[in-house]
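All remarks here apply to the structure that follows.
The values are calculated or read from the model by the stated rules, or taken from the named source; none is laboratory data. Note that the coordinates shown come from a computational prediction; the quantities given were computed from them, not determined experimentally. Virtual Cβ from ideal backbone geometry, glycine too; neighbours counted across all protein chains shown.
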Amino acid sequence: MALINVTTPDTNVRELEFSLARDVFEKECVKVYKKNVGKYNIPGFRRGKAPKAFIEKMYGKGIFYEDALNNLLPDLYHDVLEESKIDAVSRPEIDVKEMGDEQIILTAKVYVKPEVKLGQYRGIAVTKEVAEVSEESIDNEIQRVRERNSREIDITDRPAQAGDTVVFDFDGKIDGVPFDGGKSEGYRLKLGSGSFIPGFEDQIVGKRIDEPFDVNVTFPDDYAKEDLQGKAAVFSCLIHEIIEIDLPEADDEFAKDVSEFDTIAEYRADIRKKQEKAAEDTAERQMEDQLIDEIVKSMEVDIPQPMIETEIDNQIRNYDLRLRQQGLSLDMYLKYTGLDLTAMRDQYKDQAEKQVKVSLALEEIVKLENIVPTDDQIAEFYTKLSENYGMTADEVRKYVDEEGVRHDAAIEQAVQLIKDSAVVTAPKAETEEQPAEKTEKKKPKRTKKAAPSSEEAAPADAAPEQKE
């Protein structure tokens, strides 16, 4: 094998011309013949016994060429690519240029990483806003912990109240006719949660166990099911259970039970500390995003389409993995949303293009700044990975290639360089004399609903549910 020439037929495209020794190729053709001879039925020979020359005479001399080349090309192309030092970003388009007696000449056309021209990446002006932790935020966290540590009390001596959870049956009709999804048995509903359409839960309040009653409601004009929009319905209901949620008092004993602290004051102080740390981390990420956005905005690059397609592949593969962790799959998601794979890929296009630009920009900064991680920094990076995976650093080294770790560690240092050199200011406080401009956030366009997670227990088509 020998690399003969590298040309540039188009922007971000390279064509590699290389050779393959004819004797190596012929030996591979013999291997293909021996593997496949049983497939050919040649008159005068038992199946599997026909000589190679007779098969080639009947089917053509090149009958084994394609399989032989397919067997040899992966290693051959890999070696040629390494010799050329080309950073390919697409699969090669292979073509046989010449079938000589001594050697075979082939070409491989590939897309390569584009040239990147960066604008300013040091000293970028950016604002960093750290959200203030309020007493209400701390109260909300304590409330969540109280709810996690609550106990359920079965109520039999009073009617249902707001805040109770009821287990009940309902059977809905419109003009006396049942409709799809309007019936359920043993449904569990917290009154006041707003899970069902307006007015439904209010009419359960005051009702007792085993006493039938009707709920009269009108479906909203923007209800998810168009055939039910604006229609009046009557639901025949029957409560089986009323459950009161008993929350523990937020006192010192509560703090001892749910934390390492002896007093509620110490527990609140710890919550504040953690929320302040979370707010700082969030502000840091938002600042980093601003910096990266500014760099991407000012960069000049002509991205080959295969790079974007590859990134779309990666993002869809990752999404499929997350779905599978919830007991779902990509096929189920597509069926639920009514999308096909092409439409889904279109949804990822802008996001993928941005991610490719970010990667190219950071890699260019690594090159311009000559960032080379030290062995100690590589070891530290492996340690971080080990903490994420719950493995030892040595175990992670067995599965994660060091070349990839060096790349990621260098990118991390590039990001840190951008942040360290940034001109960071806090946002101006609003005053009555100089009110800060406020930009109304645009509401995202309504899209089809994503597939439910495996944790969602509500019936899929319970008609009185308040669906968007």
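Do we have residue 298 as within 30 Å of residue 214 (Cβ to Cβ) and of a type in the set (S, T, N, Q) here? Quick ask: steps written out before the conclusion?
Working: within 30 Å of residue 214 (Cβ to Cβ): no; of a type in the set (S, T, N, Q): yes.
When the stated conditions are applied, residue 298 does not pass them.
Taking residue 456 as the residue in question, decide whether it is modelled with pLDDT under 75, in a loop (DSSP other than H, G, I, E, B) and under 23 Å from the mean Cα position of the chain (by Cα).
Numbers: modelled with pLDDT under 75: yes; in a loop (DSSP other than H, G, I, E, B): yes; under 23 Å from the mean Cα position of the chain (by Cα): yes.
It is true that residue 456 is modelled with pLDDT under 75, in a loop (DSSP other than H, G, I, E, B) and under 23 Å from the mean Cα position of the chain (by Cα).
When you scan segment 276-298, do you find a residue that is at negative phi, touching a Ser or Thr at 6+ places or on another chain (Cβ under 7 Å) and of a type outside the set (A, V, I, L, M, F, W, C), even just one?
Let us first name the residues in segment 276-298 that are at negative phi, namely 276-298.
Keeping just the survivors that are touching a Ser or Thr at 6+ places or on another chain (Cβ under 7 Å) gives none.
Within segment 276-298, not a single residue is at negative phi, touching a Ser or Thr at 6+ places or on another chain (Cβ under 7 Å) and of a type outside the set (A, V, I, L, M, F, W, C).
Does residue 174 satisfy the condition of being of a type outside the set (D, E, K, R), in contact (Cβ under 8 Å) with a residue 40 or more places away in the chain, farther than 17 Å from residue 240 by Cβ and in contact with a Ser or Thr (Cβ under 9 Å, 6 or more places away or on another chain)?
It is false that residue 174 is of a type outside the set (D, E, K, R), in contact (Cβ under 8 Å) with a residue 40 or more places away in the chain, farther than 17 Å from residue 240 by Cβ and in contact with a Ser or Thr (Cβ under 9 Å, 6 or more places away or on another chain).
Okay, residues lined up against (1) exposed (fewer than 14 other Cβ atoms within 10 Å of the Cβ); (2) of a type in the set (Lys, Arg); (3) at pLDDT 95 or above; (4) not in a helix (DSSP H, G or I):
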position	(1), (2), (3), (4)
255	no, no, yes, no
265	yes, no, yes, no
268	no, yes, yes, no
272	no, yes, yes, no
275	no, no, yes, no
278	yes, no, yes, no
282	yes, no, yes, no
291	no, no, yes, no
296	no, no, yes, no
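Going through segment 324-336 one residue at a time, which ones are without any contact (Cβ under 8 Å) to a residue 12 or more places away in the chain and exposed (fewer than 13 other Cβ atoms within 10 Å of the Cβ)? Walk me through how you get there before you give the answer.
Taking segment 324-336 as the starting set, the residues that turn out to be without any contact (Cβ under 8 Å) to a residue 12 or more places away in the chain are 324-325, 329, 331, 334-335.
Selection gives 324, 325, 331, 335.
Can you find, within segment 237-253, the residue that is surrounded by the fewest Cβ atoms within 10 Å (Cβ to Cβ) among those that are in contact (Cβ under 8 Å) with a residue 40 or more places away in the chain and among the acidic types (Asp, Glu)?
Residues of segment 237-253 in contact (Cβ under 8 Å) with a residue 40 or more places away in the chain: 237-248, 250.
With among the acidic types (Asp, Glu) added as a condition, the list becomes 241, 244, 246.
Working: 241: 17, 244: 16, 246: 10.
Going through the qualifying residues, I end up with 246.
Taking segment 381-401 as the search range and keeping residues that are assigned to a helix (DSSP H, G or I) and of a type in the set (Asp, Glu), which one is surrounded by the fewest Cβ atoms within 10 Å (Cβ to Cβ)?
That would be 394.
Kindly list the number of the only condition in (1) more than 25 Å from residue 3 (Cα to Cα); (2) part of a helix (DSSP H, G or I) that fails for residue 47.
(2)
Answer yes or no as to whether residue 396 is free of Cβ contacts under 8 Å to residues at least 24 places away in the same chain and among the aliphatic types (A, V, I, L, M).
Here the answer is yes, as residue 396 does meet what is asked.
Kindly check whether there is at least one residue in segment 317-324 that is modelled with pLDDT under 95, touching a helix residue (DSSP H, G or I) at 6+ places or on another chain (Cβ under 8 Å) and either closer than 27 Å to residue 115 by Cβ or not in a helix (DSSP H, G or I) (or both).
Within segment 317-324, not a single residue is modelled with pLDDT under 95, touching a helix residue (DSSP H, G or I) at 6+ places or on another chain (Cβ under 8 Å) and either closer than 27 Å to residue 115 by Cβ or not in a helix (DSSP H, G or I) (or both).
In the list 339, 321, 362, which residue meets the criterion of being in contact (Cβ under 8 Å) with a residue 12 or more places away in the chain, under 20 Å from residue 404 (Cβ atoms) and of a type in the set (A, V, I, L, M, F, W, C)? Write out each step before concluding.
Values: 339 fails: under 20 Å from residue 404 (Cβ atoms); 321 fails: in contact (Cβ under 8 Å) with a residue 12 or more places away in the chain.
Exactly one of 339, 321, 362 is in contact (Cβ under 8 Å) with a residue 12 or more places away in the chain, under 20 Å from residue 404 (Cβ atoms) and of a type in the set (A, V, I, L, M, F, W, C), namely 362.
Out of 405, 415, report the one residue that is at pLDDT 85 or above, touching an Asp or Glu at 6+ places or on another chain (Cβ under 7 Å), assigned to a helix (DSSP H, G or I) and among the hydrophobic types (A, V, I, L, M, F, W, C). If you could, list the steps in order and put the result at the bottom.
Details: 405 fails: touching an Asp or Glu at 6+ places or on another chain (Cβ under 7 Å).
Being at pLDDT 85 or above, touching an Asp or Glu at 6+ places or on another chain (Cβ under 7 Å), assigned to a helix (DSSP H, G or I) and among the hydrophobic types (A, V, I, L, M, F, W, C) holds for just one of 405, 415, which is 415.
Give, as residue ranges, the strands (runs of 3 or more DSSP E) completely inside segment 100-168 that count at least 3 residues that are hydrophobic (A, V, I, L, M, F, W, C).
Where strands (runs of 3 or more DSSP E) fall fully within segment 100-168 and carry at least 3 residues being hydrophobic (A, V, I, L, M, F, W, C), they are 103-111.
Considering only segment 137-164, state which residues are closer than 16 Å to residue 269 by Cα and either of a type in the set (A, V, I, L, M, F, W, C) or exposed (fewer than 11 other Cβ atoms within 10 Å of the Cβ) (or both).
Initially, segment 137-164 is screened for residues closer than 16 Å to residue 269 by Cα, giving 137-143, 145.
Residues satisfying the conditions are 138, 142, 145.
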